[in-house]
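The values are calculated or read from the model by the stated rules, or taken from the named source; none is laboratory data. Please read these numbers as outputs of a predicted model, since none were measured by experiment. Cβ placement follows ideal geometry from the backbone for every residue including glycine, while neighbour counts extend to all protein chains displayed.
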Amino acid sequence: MDFNTINYIWIGVALATFLSLVIFKIKAPYGRHSNAQWGPMISNKWGWFFMELPALVLMPVIALFGDSEKNELSYIIISLWVLHYANRTLIFPFKLKTKNKKMPLVIVGSAVLFNGVNGVLNGYFIGFMNPELLDLNSIHVYIGLTVFFLGMVINRWSDRKLISLREKQEGYQIPRGGLFEFISCPNHFGEIVEWFGFAIIAWSLPAVTFAIWTFCNLSPRSLNHHDWYQTKFDNYPKKRKAVLPYLL
């Protein structure tokens, strides 16, 4: 089975996962949807750490130690990946104000698989496929970098906003300000934008595969959050969408 076929199969799995989550309204049992019905549990913080660790390690190691010739854009792509996952693995989990909250090990395991496969595909492409990457001065690279960092700013600002609400220890509240006025989950929206920017920079099938997976994974999660907010708060803003302003 060739490399492209593996990517297309993985895209098919993403689309099937998206349809299953949306049609059957499956709520992954972590965060506000956490419950003990899915088996043994682990600390929320350490769960996040182990979930994100494979992506942080596998992609740069495979890419850097592969025998393909690297150029400036190769190192930029690797650095952007590490920049995102260093935060998600080493910083974000330990800033969470979720005392005693746990998540099922089955969720951690599925996320390890998800991040592992995406890390391997993107790392292998850079490290072993001798990719003909775009010129560093290509308009695609400039556009992609702009989109990537815009998404990162949105994602991190939204995460900080949500964490700050939990610091008040008053239970869940309605987030206000910024993109929260338009969508329930700007943190997820920012991450989706981020990885589509990454795909524009890398201009490769594995990067597009990961961008599709990000949308297929996070948009149903956002819909679940949106429904939860509407159920919990009678005064929740009626015009707010879940993850895409004015659309979804």
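For the stretch 178-198, the tally of residues that are within 10 Å of the chain's Cα centre (by Cα) and of a type in the set (S, T, N, Q) stands at 1.
Among residues of the stretch 233-248 that are free of Cβ contacts under 8 Å to residues at least 60 places away in the same chain, those with a beta-carbon under 7 Å from a residue that is exposed (fewer than 10 other Cβ atoms within 10 Å of the Cβ) at least six positions away or on a different chain give the pairs K241/L247.
Residues in the stretch 10-44 that are within 25 Å of F94 (Cβ to Cβ), of a type in the set (S, T, N, Q) and at pLDDT 70 or above: S43, N44.
Can you find a residue that is surrounded by 18 or more Cβ atoms within 10 Å (Cβ to Cβ) and free of Cβ contacts under 8 Å to residues at least 40 places away in the same chain anywhere in the stretch 82-93? Yes, the stretch 82-93 contains at least one residue that is surrounded by 18 or more Cβ atoms within 10 Å (Cβ to Cβ) and free of Cβ contacts under 8 Å to residues at least 40 places away in the same chain.
Within the stretch 65-85, being part of a helix (DSSP H, G or I) and either more than 16 Å from W195 (Cβ to Cβ) or among the hydroxyl-bearing types (S, T, Y) (or both) holds for F65, E72, L73, S74, Y75, S79, Y85. Kindly indicate whether any position in the stretch 215-231 is part of a loop (DSSP other than H, G, I, E, B), touching a residue at least 12 places away in the same chain (Cβ under 8 Å) and either on the phi > 0 side of the Ramachandran plot or under 15 Å from the mean Cα position of the chain (by Cα) (or both). No. Within the option set M41, M59, being crowded, with 19+ Cβ neighbours inside 10 Å and under 20 Å from the mean Cα position of the chain (by Cα) holds for one residue only, M59.
For (1) out of contact with any Gly (no Cβ under 6 Å at 6 or more places or on another chain); (2) at pLDDT below 90; (3) under 27 Å from S184 (Cα atoms); (4) hydrophobic (A, V, I, L, M, F, W, C), each residue gets a yes or a no:
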residue	(1), (2), (3), (4)
W46	yes, no, yes, yes
S68	no, no, no, no
V108	no, no, yes, yes
G119	yes, no, no, no
F125	yes, no, no, yes
I139	yes, no, no, yes
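Regarding G177, is this residue closer than 30 Å to Y236 by Cβ and surrounded by fewer than 13 Cβ atoms within 10 Å (Cβ to Cβ)? Yes, satisfied. Could you say whether any residue in the stretch 185-194 is part of a helix (DSSP H, G or I), buried (at least 18 other Cβ atoms within 10 Å of the Cβ) and touching a Lys or Arg at 6+ places or on another chain (Cβ under 8 Å)? Yes, the stretch 185-194 contains a residue that is part of a helix (DSSP H, G or I), buried (at least 18 other Cβ atoms within 10 Å of the Cβ) and touching a Lys or Arg at 6+ places or on another chain (Cβ under 8 Å).
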